[in-house]
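Colleague: Got a structure for you, questions after.
The values are calculated or read from the model by the stated rules, or taken from the named source; none is laboratory data. Here the structure is a predicted model, which means the values were calculated and not measured. Cβ coordinates were reconstructed from backbone atoms using ideal geometry, including for glycine residues, and neighbour counts include every protein chain displayed.
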Amino acid sequence: MARSIDFLPKETIHGRLLPWVVGVMVFLSGLALVLGLGLQALTSGWKAGLENSLTVQIIGPDQGVRDQEAEAALAVLQDWPGVENASRMPVSDIEGLLEPWLGSGSVPDALPVPVLIEVSLVPGTQIDLVPLSRQIRTVAPSARIDGHDRWLDDLRVLARLVQGVSAVILGLIVLATITVIVFATRAGLAAQRDAVAIVHLIGAEDRQIAGAFQRRFLLVGIQGALLGLAGLGALFLAAYTASEIIQTDMLPSLLPPTYVFYALLLLPLPAALITMLTARFTVKRALGDMN
Amino acid sequence: MIRFDNVGMRYGMGEEVLKDISFTLEPGSFHFLTGKSGAGKTSLLRLMYLAVRPSRGLIQMMGTDVVTAPRKTLPELRRNVGVVFQDYRLLDHMSAFDNVALPLRIAGAPESQVTEQVEELLAWVGLKDRMQARPPILSGGEKQRVAIARAVINRPRLLLADEPTGNLDEDLSRRLVHLFLELNKVGTTVVVATHDLRLVHGIDAPRLHLADGTLAGTGDALADEDDATNDETPAPQPEAAMLEGLPG
C-alpha cells in the first residue's frame, strides 16, 4: 500500500496571501450565517409572542364610551369558543407601551388612550376573525380586532427572504472560495511542475501527488478559518460593547443567539474540507491530463 | 523485458521523431543506445520510462502492453524502472538523502529500511559526507551520483541512463560503468544512451543505433560510419582504455 509522500518544498506553494483570502471568505460566510440564523431567531421570537393571541383595541371618542364598549366586548370574547382568556390591559401597562415615544409619566390626561384587550387563545386553535369581529362590532362599534395575521405573514416572508438571501450569499462565498483555491492549486502545480513530473516518473501514484497538495491546502483552510473566526470574534466584541453602551429596548439585541455562535465555531470544518478537497480534485484532474 | 513493434512517435502534430522502431531486449541484457544528437535517443528512452506513449505501434514492458494499459497501472511499472536523467532532475529543495530516498518512500518502504539502504548506497557512491547537502551546492559529478543512486535504490528491473557520463571525468565514468555492469550481473536490464564512443567501445555489449529516428541496426557489429561524422563524439578509443579498473 503506497503511502503519501511530502515532496513539496517547505516554503509556501500557494502564496502567503491565500490563508488571508480564505480568512475573508470565512468571515463573510460567518456574517451571512449570523444574518440568516440570527434574524430567523429574532422573527421566530416575535412570532411566538404573537401567535395564539389577539388584540382588541377600542378607540371610542371619550372614556365613558370606551369603558362601556370594552365591557361589552369582553363579555362577547369570554364566551367565544377557542378563547382561553380575555382581559383588559391595565392603564399603567399601556402607558408603559407609550413610554419610549412619550417619556415616562408624561401621558397627558387629555390624550385619548385606547383601551386594549389582550386575548389569549387555546393553543393550536384557529379562530375565524370575521364572525368574531362582526359580533364585537355590534356591541362595540369602535373596536378594532388585530389577529396579528398581517404581521405574522410579513414576518414569515421576511424570515424566508433573509434565509434565502443568506443562503445565496453563502453559496456565492463557497463558489468564490473554490475558484480561488482552484487557481491557487493550479499555480502551485505549475510552479512545482518539475517536482511533480519527477515523482510521477519514479512511480508516484496520482493520489500520492494529490495527497501532498491536499495536506498543504488543508493547512491553508485551517489557517484561514482561524483568521476568519478571529475577525468575527472581534466584530462581536465590538457589537457587545456597542449594545452595552446603547442600552435600549427599541432595538433588538445586536448579538445573535448562542446557537449561532456554535454554528460559527463549526465553520473551520467546511472551510478546511472545501480547500482540501478542491486542491485534491484540481491536482487529480491536472494529473489525469498528463500521460 | 521490452518489446517494441513498429513504434512511431511524434510530438503534437509534428513530424515523427521515431519511425518503425522494432526490437526486443531480453531480461538481464545490457545495451547501448547510440546515435547523433537529435537522432531520437531521448525520445526512445522517454517511451521506455513511460513518460510518453507512442503515436503508433506496440510496446510491451514486463509483460504489459503499455500502449493500452490504463493510466493507473503505470506507476507500478515505473517503480520497476530506474532512470538516470541527462540533467539529473533532482529536487533542489531536498537533501541528497531525501532525493535518493524518494523512490523507496513512494513505494511505501518502512523508514528504517529507507535510512539503512540510502545511507549505504550514498556511502557506496562516495557521498557519505554529503548526505544532507542539497543539489544546488553539489558539484555536477556529485549530482550525477545522487541521480544514479536514486535510479538504482529500488533495485529496478530495468535501468535506463541518458548520457550518464556526460558530466563525469574519466575515472568517475569508469566507476559508473562498473556500477551498471554490477547491476546487470545481478539481473538488471540496462540501457545506456550515449554518444561517448569510448564508453561503447570499452564494453562488449550490443548496440541499438538510431539515425534520423529509425533504428539503423542492432547488435555489436555495427559500423561506426555514422558516429564518425558526429562532431560531438571523440574518435573511438581502444577498448582497453575503458576497461581499465574494472574487475575481471
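Colleague: If I filter region B:189-197 for residues that are at pLDDT 70 or above, of a type outside the set (Lys, Arg) and part of a helix (DSSP H, G or I), do I get at least one hit? Before you say what the answer is, go through the steps one by one.
Modeller: Taking region B:189-197 as the starting set, the residues that turn out to be at pLDDT 70 or above are B:189-197.
Still in the running and of a type outside the set (Lys, Arg): B:189-197.
Now narrow it down to the ones that are part of a helix (DSSP H, G or I): B:197.
Looking through region B:189-197, at least one residue is at pLDDT 70 or above, of a type outside the set (Lys, Arg) and part of a helix (DSSP H, G or I).
Colleague: Filter region B:1-40 down to the residues that are among the hydrophobic types (A, V, I, L, M, F, W, C) and outside any strand (DSSP E or B) and list them by number. Full working, then the answer.
Modeller: Residues of region B:1-40 that are among the hydrophobic types (A, V, I, L, M, F, W, C), as a first pass: B:1-2, B:4, B:7, B:9, B:13, B:17-18, B:21, B:23, B:25, B:30, B:32-33, B:39.
Once the filter is applied, which keeps residues that are among the hydrophobic types (A, V, I, L, M, F, W, C) and outside any strand (DSSP E or B), region B:1-40 yields B:Met1, B:Met13, B:Ala39.
Colleague: Hey, can you tell me all the residues within region A:120-177 that are of a type in the set (Ser, Thr, Tyr) and either surrounded by 12 or more Cβ atoms within 10 Å (Cβ to Cβ) or in contact with a Leu (Cβ under 6 Å, 6 or more places away or on another chain) (or both)?
Modeller: Going residue by residue through region A:120-177, those that are of a type in the set (Ser, Thr, Tyr) are A:120, A:125, A:133, A:138, A:142, A:166, A:177.
Hits for region A:120-177 are A:Ser120, A:Ser133, A:Ser142, A:Ser166, A:Thr177.
Colleague: Out of contact with any strand residue (DSSP E or B) (no Cβ under 9 Å at 6 or more places or on another chain) and either farther than 24 Å from B:Leu33 by Cα or in contact (Cβ under 8 Å) with a residue 12 or more places away in the chain (or both): is that true of B:Thr115 in this structure?
Modeller: Numbers: out of contact with any strand residue (DSSP E or B) (no Cβ under 9 Å at 6 or more places or on another chain): yes; either farther than 24 Å from B:Leu33 by Cα or in contact (Cβ under 8 Å) with a residue 12 or more places away in the chain (or both): yes.
So B:Thr115 fits the description; yes.
Colleague: Return the pairs, sorted by first residue and then second, in which the second residue is part of a helix (DSSP H, G or I) and surrounded by fewer than 20 Cβ atoms within 10 Å (Cβ to Cβ), the first residue lies in region A:260-282 and is of a type in the set (S, T, N, Q), the beta carbons are less than 7 Å apart, and the residues are 6+ apart or on different chains.
Modeller: A:Thr275/A:Leu218; A:Thr278/A:Ile178; A:Thr278/A:Val182; A:Thr282/A:Val182; A:Thr282/A:Arg186
Table: residues versus (1) surrounded by 19 or more Cβ atoms within 10 Å (Cβ to Cβ); (2) within 14 Å of chain B (Cβ to nearest Cβ); (3) at positive phi.
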position	(1), (2), (3)
A:Asp6	no, yes, no
A:Pro9	no, yes, no
A:Gly38	yes, no, no
A:Gly60	yes, no, no
A:Asp67	no, no, no
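Colleague: Now a separate question. Tally the residues that are assigned to a helix (DSSP H, G or I), more than 9 Å from chain A (Cβ to nearest Cβ) and farther than 24 Å from B:Phe180 by Cβ, restricting the search to region B:73-111.
Modeller: Counting residues in region B:73-111 that are assigned to a helix (DSSP H, G or I), more than 9 Å from chain A (Cβ to nearest Cβ) and farther than 24 Å from B:Phe180 by Cβ gives 2.
Each row is one residue, and each column tells you yes or no for (1) polar (S, T, N, Q); (2) more than 30 Å from A:His14 (Cβ to Cβ).
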| residue | (1), (2) |
| --- | --- |
| A:Gly96 | no, yes |
| A:Leu116 | no, yes |
| A:Thr125 | yes, yes |
| A:Val165 | no, yes |
| A:Leu172 | no, no |
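Colleague: I've got another one for you. Taking interchain pairs and intrachain pairs at least six residues apart, which have beta carbon atoms under 9 angstrom, with the first residue in region A:200-212 and within 9 Å of chain B (Cβ to nearest Cβ) and the second aromatic (Phe, Trp, Tyr)?
Modeller: Qualifying pairs under 9 Å: A:Leu201/B:Tyr49; A:Leu201/B:Phe85; A:Ala204/A:Phe7; A:Gln208/A:Phe7.
Colleague: Looking only at region B:112-141, count every residue that is outside any loop (DSSP other than H, G, I, E, B), surrounded by 12 or more Cβ atoms within 10 Å (Cβ to Cβ) and in contact with a helix residue (DSSP H, G or I) (Cβ under 7 Å, 6 or more places away or on another chain) and tell me the total.
Modeller: 8
Colleague: Suppose we keep only residues that are within 21 Å of the chain's Cα centre (by Cα) and not aromatic (Phe, Trp, Tyr) within region B:118-131. Which one would you say is farthest from the other protein chains (Cβ to nearest Cβ)?
Modeller: Step one: filter region B:118-131 for residues within 21 Å of the chain's Cα centre (by Cα), giving B:118, B:121-122, B:124-127.
This time we only want the ones that are not aromatic (Phe, Trp, Tyr), so: B:118, B:121-122, B:125-127.
Numbers: B:Val118: 14, B:Leu121: 15, B:Leu122: 17, B:Val125: 18, B:Gly126: 22, B:Leu127: 19 Å.
Applying the filter and picking the extreme gives B:Gly126.
Colleague: Taking the residues in region A:41-58 that are in a helix (DSSP H, G or I) and in contact with a Lys or Arg (Cβ under 9 Å, 6 or more places away or on another chain) as candidates, determine which candidate is surrounded by the fewest Cβ atoms within 10 Å (Cβ to Cβ).
Modeller: Applying the first criterion (in a helix (DSSP H, G or I)) to region A:41-58 yields A:41-50.
Add one more test, that the residue is in contact with a Lys or Arg (Cβ under 9 Å, 6 or more places away or on another chain), and what stays is A:43, A:47.
On the way: A:Thr43: 21, A:Lys47: 15.
Among those residues, the one meeting the criterion is A:Lys47.
Colleague: Hey, another quick one. From the set of residues in region B:24-63 that are at positive phi and surrounded by fewer than 18 Cβ atoms within 10 Å (Cβ to Cβ), which is modelled with the lowest pLDDT? Spell out how you get there, then give the answer.
Modeller: Here is the first cut: in region B:24-63, the residues at positive phi are B:28, B:35, B:38, B:40, B:50, B:57, B:62-63.
If we keep only those that are surrounded by fewer than 18 Cβ atoms within 10 Å (Cβ to Cβ) too, we end up with B:28, B:38, B:62-63.
Values: B:Gly28: 91, B:Gly38: 83, B:Met62: 91, B:Gly63: 89.
Step by step, filter region B:24-63, then rank; the result is B:Gly38.
Colleague: Output yes when any residue across region A:175-190 is in a helix (DSSP H, G or I) and within 14 Å of chain B (Cβ to nearest Cβ), and no when none is. Show your work before the answer.
Modeller: Residues of region A:175-190 that are in a helix (DSSP H, G or I), as a first pass: A:175-190.
Okay, now just the ones that are also within 14 Å of chain B (Cβ to nearest Cβ), so A:188.
Yes: one or more hits.
Colleague: Kindly indicate whether any position in region A:197-206 is under 27 Å from A:Pro270 (Cβ atoms) and crowded, with 17+ Cβ neighbours inside 10 Å. Walk me through how you get there before you give the answer.
Modeller: Within region A:197-206, the first condition is being under 27 Å from A:Pro270 (Cβ atoms), and the residues that meet it are A:206.
Still in the list and also crowded, with 17+ Cβ neighbours inside 10 Å: A:206.
Yes.
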